[in-house]
1. Hey, among the residues in segment 467-489 that are open to solvent by less than 10 Å² (accessible area, probe 1.4 Å), in a loop (DSSP other than H, G, I, E, B) and small (G, A, S), which one's nearest to V316 (Cα to Cα)?
2. Would you mind finding the one in T96, T87 that is among the β-branched types (V, I, T) and surrounded by 17 or more Cβ atoms within 10 Å (Cβ to Cβ)?
3. Under the condition of being touching a Lys or Arg at 6+ places or on another chain (Cβ under 7 Å) and over 21 Å from T209 (Cα atoms), which residue from segment 233-258 is surrounded by the fewest Cβ atoms within 10 Å (Cβ to Cβ)?
4. Does E169 satisfy being more than 21 Å from Y53 (Cβ to Cβ), out of contact with any helix residue (DSSP H, G or I) (no Cβ under 8 Å at 6 or more places or on another chain), among the charged types (D, E, K, R) and open to solvent by 20 Å² or more (accessible area, probe 1.4 Å)?
5. Inside segment 38-71, can you point out the residues that are within 19 Å of G84 (Cα to Cα), open to solvent by less than 60 Å² (accessible area, probe 1.4 Å) and in contact with a helix residue (DSSP H, G or I) (Cβ under 7 Å, 6 or more places away or on another chain)?
6. Looking at segment 490-508, can you tell me whether even one residue there is in a loop (DSSP other than H, G, I, E, B), open to solvent by 40 Å² or more (accessible area, probe 1.4 Å) and either of a type in the set (F, W, Y) or modelled with pLDDT under 95 (or both)?
7. Part of a strand (DSSP E or B), farther than 19 Å from S146 by Cβ, modelled with pLDDT of 95 or more and out of contact with any helix residue (DSSP H, G or I) (no Cβ under 9 Å at 6 or more places or on another chain), is that true of R27?
8. Residues that are touching a His at 6+ places or on another chain (Cβ under 9 Å), open to solvent by less than 10 Å² (accessible area, probe 1.4 Å), among the polar types (S, T, N, Q) and not in a strand (DSSP E or B): does segment 353-373 have at least one?
Amino acid sequence: MTAPLTADAHEYGLVGDGTADDGPALRKLVDALGDATAGDGRPRTVRVPAGRYVIRDKPVLWRSGVSLVGAGRGATCFALTNPGAPTQPVPLAWFTTAQHGAGPDHHIADVTFAHFEIDGLGVETEEYEVLAKGLGLQYVLRGRFSDLWIHDTAATGFGCDFLQDTVVEGVLAERCGRQDPGEKMGGAGIGIEVGGWGPVERLAVTDCTARGNGTNGIFLELQQDDWVPPRGIRITACHAEDNRYGISDWGADGLLVTGCTMLGNHVAGFDVSAQGTTSVGGRGGLVTGCLVDGNAGDGIALGNTPGPYGFHGNRVGGNGRYGYWQHNLAGGDQEPATDIVLESNDIHDNALDGIRVDAPLHEPAIFGNRIRGNGRRAAPEARGGGEGVHCGPLSLTDERADWLPGGHRGKELTVGGEPGGAGVTADDTAVVTPEVGVEVTAVVTDNTATRLTLAPLRPGADTAWPDGTPGPGTAYRLPDSPAPRAGLTAAAAVTHPYVHGNRVRDDGHPRTQVHAVWIAPQATWTGGRVSGNDFSGNGSASTRFDSAPSGGRWRDNAG
């Protein structure tokens, strides 16, 4: 066959009728164009008209210099399926180290993938398989991935690794990681292994959306623990919603995250930790101008890092646990994190502490922040059932309740599991509840006086209930609120902190942020400077020292 610089897919045997297997024709075309490019050094492009192109039972081994360009999202669709090969993952395109010997000296170069959809719903492997991706390329040089819609893949949607001089832009990844229960590797919307090109990987991820994916919306992960964490990676203007984690840094150095939104994720909006395969957390990163709001767990979770890391000018509010949580997971780096900077952030209306330190910090700088109205999980224990109680897919309503708005945020609701009998509503009115079956739990993301809003059962789900919506009158209970809840809590060793110019207060009614600063019994606070802060206007005393600070200077703090 001839090898033009631009090939129309229909002229080379692809049908696009949603029934015929277009995989063999696409593989033949990619091989021919790849051979031609290797011969004359001139990259080629496959243009794919609108249609639904089935890729059945076998992925396409991609070739350097061959681009794939469709007619637009929803117009050109590649439907992946494996009915004849249930053990075979079927990404649209793959080229990997394990299967094909990919590496810095054997890579894919000068490729563009743009303007099409990948539907992974037809791939079902017998066991979870990390290679059951939408795209699965490793070691790409001068790549561009643009205007792609990847959805319902069994594993990660966009799973391309070691991307040098590459741009990933306008990728929409939805409901990927379909076979991942949330505890496997992969299963993300956009998952990128890093470190294969050495200390610098020049990669930009911009204007992408990741929603309802099994693990992460977007993650970066160091692939070998003896590799140098790479610099040069930027994530800009991206949106991560309803994933287990929003955006995660599991091994980069100097990651820049700017102008992103991380909303309604189940564990954390932004995460740095040892969750990755090598148990290496990121370091040296900067997160600026982001909105981290309404996540069921924490807004920002940081740990297993030697530092530094900086968070500047972000809004972190309405999360179900802490606004910012410093912690370490077992198996990762346990040394004190040095030079953590929290500057000019608005940390507000989180369920528990605005800032919680459960792992050692050395020379942190916390200055110019507004830390206000946290500790929203202030409603007392509640239970009820019977008349006026009814559930929706993502809600429970008790018409007789009078809850503190937002007061159950982040609590675990338990429904059922109790025999019929006496119960009480929030106003202590006796009710009789019917007998209900096995108890189930759901996480409360917010509440009004009478209605609880619940997190989905798992990312991408449309219900909070594993076995169908509970019937009318179902018995329920909510736990009591924890206390104290502070603007800033230290529950670990903090040495030489600089805490200056913060406004840590609560003007709400009632005031739910009990203290501005709490040094817990297990903490040590040594040296440093705490000055020029406004600690007035909290629910109780401005400070509570169950472990007294040692050395340093505390002065000129209002309240």
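The values are calculated or read from the model by the stated rules, or taken from the named source; none is laboratory data. Just so it is clear, the model here is predicted, and its values are computed rather than measured. Cβ: placed from backbone, ideal geometry, glycine included. Neighbour counts: every protein chain shown. These area figures cover heavy atoms from the full protein model, side chains too; ligands, DNA and RNA do not enter into them. Shrake-Rupley method; radii C 1.70, N 1.55, O 1.52, S 1.80 Å.
1. That would be A475.
2. Just a single option satisfies the conditions, and that option is T96.
3. That would be G254.
4. So E169 passes the test.
5. Selection gives I55, V60.
6. Yes, because at least one residue in segment 490-508 is in a loop (DSSP other than H, G, I, E, B), open to solvent by 40 Å² or more (accessible area, probe 1.4 Å) and either of a type in the set (F, W, Y) or modelled with pLDDT under 95 (or both).
7. Spelling it out, it is not the case that R27 is part of a strand (DSSP E or B), farther than 19 Å from S146 by Cβ, modelled with pLDDT of 95 or more and out of contact with any helix residue (DSSP H, G or I) (no Cβ under 9 Å at 6 or more places or on another chain).
8. No: segment 353-373 contains no residue that is touching a His at 6+ places or on another chain (Cβ under 9 Å), open to solvent by less than 10 Å² (accessible area, probe 1.4 Å), among the polar types (S, T, N, Q) and not in a strand (DSSP E or B).
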